1. Restricting to region 163-182, name every residue that is exposed (fewer than 13 other Cβ atoms within 10 Å of the Cβ), at pLDDT below 90 and outside any helix (DSSP H, G or I).
2. Can you pull out every residue in region 84-94 that is in contact (Cβ under 8 Å) with a residue 24 or more places away in the chain, part of a helix (DSSP H, G or I) and over 14 Å from Gly150 (Cα atoms)?
3. If Arg158 passes every condition in (1) surrounded by fewer than 16 Cβ atoms within 10 Å (Cβ to Cβ); (2) out of contact with any helix residue (DSSP H, G or I) (no Cβ under 6 Å at 6 or more places or on another chain) but one, which one does it miss?
4. Please count how many residues of region 132-157 are out of contact with any Lys or Arg (no Cβ under 6 Å at 6 or more places or on another chain), at pLDDT below 90 and assigned to a helix (DSSP H, G or I).
5. From the list Arg102, Arg128, which residue is modelled with pLDDT of 90 or more, in a helix (DSSP H, G or I) and in contact with a strand residue (DSSP E or B) (Cβ under 8 Å, 6 or more places away or on another chain)?
6. Quick check on region 95-145: of everything there that is more than 29 Å from the chain's Cα centre (by Cα), farther than 11 Å from Leu175 by Cβ and touching a residue at least 60 places away in the same chain (Cβ under 8 Å), which residue is surrounded by the most Cβ atoms within 10 Å (Cβ to Cβ)?
Amino acid sequence: MGLRRAGSAAPRPFFGGGRASWAPALQEAMREAHVSAQQPEAQQDARLPRPDADTRRPSGAQGATRAGPQAARGLTRSIRDRGTFAALARARPLRRGAVALRAVDGGGEGPAQVAYAVGRNLGNAVARNRARRRLRAAVQRHEAELRPGGAYLFSAARSAMTMSFEELDAAVAQLVRTNPGSRR
């Protein structure tokens, strides 16, 4: 019963059409690709447009800006040594609203050293970084008033997050001016 009779037609492909429609595709799939093992000879370099001919950039453009923080202005630097932090810990804090300042006189050599203390009670890392950036921006507006060689520790309370920048700047300005170690 399952035997084919001689002369019966070949089974038809499931995707329709006769033998003539799928035979070339099947033959193409069955061929092996012949890839040469030899490397091609060196060719002429591809032509690249000159930098000033590139239409996507202005003709006077400099290179791309470098990633990361910008160079410091040189009026302040960060505190790195343990002795300075120990001296700041012993200093009496001055408070104006949500901002506090501890300062020690460093003898007048080199730029002023500034550090920022922002505790975990301000919130998550995003909130602390935002508070630190705001505090740093306010201090940079008054860095010319800081005594050269002095060390300053600015800290912020939780209410500094809700202060406007003008209020924060005014508090920092008042602290810097009332500090006995600052220039007037």
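The values are calculated or read from the model by the stated rules, or taken from the named source; none is laboratory data. Note that the structure is a prediction, hence the values are computed from the model and not measured. Here Cβ is always computed from backbone atoms with ideal geometry, including for glycine, and neighbour counts include all displayed protein chains.
1. Pro180
2. Selection gives nothing.
3. In the conditions (1) surrounded by fewer than 16 Cβ atoms within 10 Å (Cβ to Cβ); (2) out of contact with any helix residue (DSSP H, G or I) (no Cβ under 6 Å at 6 or more places or on another chain), Arg158 misses (2) alone.
4. 2
5. Within the list Arg102, Arg128, the selection yields Arg128.
6. Val104
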